[in-house]
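I have placed the structure first, in the form of structure tokens, so that the comments after it can refer back to it.
Any read-out appearing in this document is the output of simple, stated calculations on the displayed coordinates, not a laboratory observation. These figures come from a predicted structure and were not determined experimentally. Quick reminder, even Gly has a Cβ in these numbers, built from the backbone with ideal geometry, and neighbours come from all protein chains shown.
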Amino acid sequence: MMATDSRVTLQPAYLIHQRPYRETSALLEVFTPEHGKIGLVARGIKGARGRWRGLLQPFRPLLLSWRGRGGLATLTDAEPSGLALGLSGEQILNGFYLNELLQRLLHRDDPHLELFGAYDHALRRLAALPPAPGAAAEKQQQLRLFEVRLLEAIGYGIILDREAGTGAPISAERLYSYRMDGGPVSWQPEQAGIRVHGRTLQALQQGTLDDEQSRHEARNLLRAMLQGQLGDRPLHSRELVRQVNRVVQLAETGG
């Protein structure tokens, strides 16, 4: 937890959300390894002569300093920690999806060293993808693996290596029903849960979603797991991706 009236100097960070505050300032949500998600007031950043103008942007590695008390501190310094990650096109939307997950699911002031590393890795892999259809599989893999790490970080890790109840090792060839309140059990048509093959669970554990079936099943499973934590309020970034995809499909079909 951030101490009362604390001062933090040059902490690695990413900006995950920003909104206007008064005439010249902004309220920031930033993600850091040692302090997790924190809220900052950035004073006097608007206008042509605003401090840190152009620096406080999503997907740019930063070094931030702040001081404050309670749940909202004051930004005192900001420096770049490398070049901005060159996300473009659809990958920008995917980056905003990751940011929205962090904003919605993380509590403030909880350290997340491993999750910060997973987030940084996912952004860099997304930024490196070529703007081609062949990159879709790698994109899906990076999103799914980050979702797994996020669920682990907030205390809802997915059981990937054994059956619930029996503890039997997951078999690649078997079909399972993944129950949100317990984990994977042998598939029975009358059972509630998400239908998933053992090879998909093993692929998630190994970090290699190499085939379309595994990617599809992993997406369904993780979406259900995340929905249980997000509640009924939809993700804005997910809806934006749907709208963009519809526009692209219409353009491709001449509609």
Quiz item: Anyone know which of E114, E173, E152 comes out most mobile in the 10 Å Cα GNM of the chain?
Solution: E173
Quiz item: What is the dipole size for region 6-80, taken about its Cα centre, with +1 at each Lys and Arg Cβ and -1 at each Asp and Glu Cβ, in debye to the nearest 20?
Solution: 280
Practice problem: Quick one: which residues, 5+ away or cross-chain, put their amide H under 5 Å from the amide H of H17? H built at 1.01 Å from N. | Solution: E29
Quiz item: In whole Hz, what ³J(HN,Hα) sequence does region 63-69 give by Karplus (6.51, -1.76, 1.60; θ = phi - 60°), x for Gly and Pro?
Solution: 10, 10, 10, 7, 9, x, 9
Quiz item: In sequence order, what are the phi-derived ³J(HN,Hα) couplings for region 160-168 according to the Karplus relation 6.51 cos²θ - 1.76 cosθ + 1.60 with θ = phi - 60°, rounded to whole Hz, with x for glycine and proline?
Solution: 10, 10, 8, 6, 5, x, 7, x, 5
Self-check item: Estimated distance in nm for a label pair at L113 and R69, the labels positioned 7 Å out from Cα along Cα-to-Cβ
Solution: 3.0
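Cβ under 14 Å from L83's Cβ, L83 left aside: what net charge do those residues give with Lys, Arg +1 and Asp, Glu -1? Provide the component values of the computation, followed by the final result.
Values: positive: R60, R124; negative: E79, D120.
Overall, the nearby charge balance is 0.
Taking the Cα centre of region 172-217 as origin, work out the dipole magnitude from +1 charges on Lys and Arg Cβ and -1 charges on Asp and Glu Cβ, in debye rounded to 20.
100
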Quiz item: Nearest 10 degrees, 0 to 90: what angle lies between the long axis of helix 212-230 and the longest principal axis of the chain (Cα atoms)?
Solution: 60
Self-check item: Gap separating the Cα centres of region 26-103 and region 8-23, nearest whole Å
Solution: 4
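With +1 on each Lys and Arg Cβ and -1 on each Asp and Glu Cβ, and nothing else charged, work out how big the dipole of the chain is about its Cα centre, in Debye to the nearest 20.
Numbers: 31 positive and 27 negative charges, 203 e Å.
The calculated dipole for the chain is roughly 980 debye.
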Quiz item: Of T74, P58, T24, whose Cα points farthest to the positive end of the dipole of region 6-80 (charges on the beta-carbon: +1 Lys, Arg; -1 Asp, Glu; origin at the Cα centre)?
Solution: T24
Exercise. Could I have the simple spin-label model distance between T24 and D77, label points 7 Å from Cα toward Cβ, reported in nm to one decimal?
Key: 2.2
